[in-house]
1. Of all trypsin sites (Lys or Arg not before Pro) in the range 356-408, which ones are in loop regions per DSSP and have a Cβ with at most 11 other Cβ atoms within 10 Å?
2. Using 7 Å Cα-to-Cβ label points, what is the LEU191/ARG62 separation (nm, one decimal)?
3. Could you sort 180-191, 202-213, 143-154 so that the peptide with the highest average Cβ count within 10 Å comes first and the rest follow in order?
4. Which residues in the range 380-420 have a backbone N closer than 15 Å to a point placed 7 Å from the Cα of ASP212 along the Cα-to-Cβ line?
5. Over the range 132-265, calculate the relative contact order: mean separation of alpha carbon pairs under 8 Å at least 6 apart, over the residue count, as a percent.
6. In the neighborhood of SER301, defined by Cβ-to-Cβ distances under 13 Å, what is the net charge if each Lys or Arg adds +1 and each Asp or Glu adds -1?
7. Using alpha carbons only, how many angstrom separate the centre of the range 235-304 from the centre of the range 326-389?
8. Hydropathy first: keep DSSP H helices in the chain averaging at least -1.0 on Kyte-Doolittle, then drop any whose Cα extent along the axis falls short of 27 Å, and list what survives.
Amino acid sequence: MPEPVGSAAANPSSSPSTSEQPSRWARFGVLDRVRVALLLIGLLCVATGLLPREQAADNMRRIGPLLLFLGSVIVLAELTRQAKVFDVIAHRLAILGRGNYPALFGLCVLFASATTTLLNLDTTAVLLTPVVLALAAPARIAPLPLAMTTLWLANTASLLLPVSNLTNLLAADRVALDATEFAATMWAPQLVSTAVTMLCLWIFYWRRGRRDADRYLPPEPVRPENPGQRALMYTTASACVLFIVSIPLLGDHIEIAATLAAVIAVGAFAIIDRRALRWSLIPWRLLVFVVGLFLVVPTLSRFGLSDLMHALIGSDSGAEGAYRAAGAGAALSNIANNLPAYTAGEAVVPVENRDQLLALLIGTNVGPIITPWASLATLLCLEFCRTHGVRVPMTRFVVTGAILAILATTSAVAALLVLG
């Protein structure tokens, strides 16, 4: 953003000294360096022939539509947040709960689950988490239950639609299911996973013994301050609705719906509040991370990773193979990260073993809640907790996450095998 007149830019004596310059680079954190390094390593693998260029090109063609979808949906969600759509909904839900914690719990679960399912788990992590944490102070609500609700449901509520998670898009492409068919297959695992998550959330974080009050204070509603803000709020909300309604209509081309909705939101801001349109809206960190993974993981698979994953997952097409795949996916997600865990596992699951592949998907979606780095959504939620001064006891986080991961993963796989 440009410096105002009379600021340091116009006053040489107040300009930052050389010793202060590194603080600007501090924004390029450790994770950002890891993502860029991953991309450079991947490009080096292609340049040296460790990964054949034909295979690399095939991978890039496969993830091209996914990258367009990810970039578009996160731009849409960020502009929707700036238009205060999420703030309005969160405050209205708290008002609707009328100070009753069980009612607020159900409404928060519904809000976080719907955001994850319809707009992607990273939307829940990046945009919904700071909104609910900001809601805690005016409503005098303990922030930790709100934080854990968004953190857990960002992962465990990401099974229903291809748009809910990048791994879902990969799996849907692999088993040739459009959005409607994918939902028809995964509705039971999603229902069971959400129910188990609700049970664990209430027992570990929301029940009276885990919070410090019987009731909370309903906050004041959030209202647009002027006609321009009102127009932005209604336009971006309408763009989100258009995107959601288009999901079952466009089948395999959901990136078109996301791009169209993002263009509508960008157009509205270009007319009313052009200052909000910045290059930083584009989620380059996530895109760089995904491209790097799809170059590095296939390279590692050619040099031993595939053998390891095959030994862990096996090739059984029945219940045993499904549970082995889910367990391997969940374990590797918490050791490394869920996206490389899925891509490495997908490479060794036989094409005809649809249930085994979807069980692997369940493990890599529901399981990454034990370690802080298990999924990008988990990592982002914890980072927002840190910046908002919300302490997450790590021992409690790991133990309760392990219990939920085991219960939700095994239950969801059972639902897949029986009803999927």
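Read-outs: derived from the displayed coordinates by stated rules, not from any lab. Since the structure is predicted, the reported quantities are computational estimates derived from the model, not experimental observations. Note that each Cβ is placed from the backbone with ideal geometry, even for glycine, and that neighbours are counted across all protein chains shown.
1. On the way: sites: ARG386, ARG391, ARG396; in loops: ARG391.
Filter output for the range 356-408: ARG391.
2. 3.2 nm
3. Details: 180-191: 19.4, 202-213: 14.3, 143-154: 26.1.
Top of the packing list down: 143-154, 180-191, 202-213.
4. 389-393
5. Working: 106 pairs, mean separation 34.2, N = 134.
Reported relative contact order: 26 percent.
6. Numbers: positive: ARG302; negative: ASP307, GLU346.
Taking every other residue near SER301 into account, the sum is -1.
7. Distance between centres, Cα-based: 21 Å.
8. Values: long enough: 53-82 (42 Å, 0.25); 179-201 (30 Å, 1.08); 227-250 (33 Å, 1.22); 254-272 (28 Å, 2.39); 394-419 (36 Å, 1.99).
Span-like helices here: 53-82, 179-201, 227-250, 254-272, 394-419.
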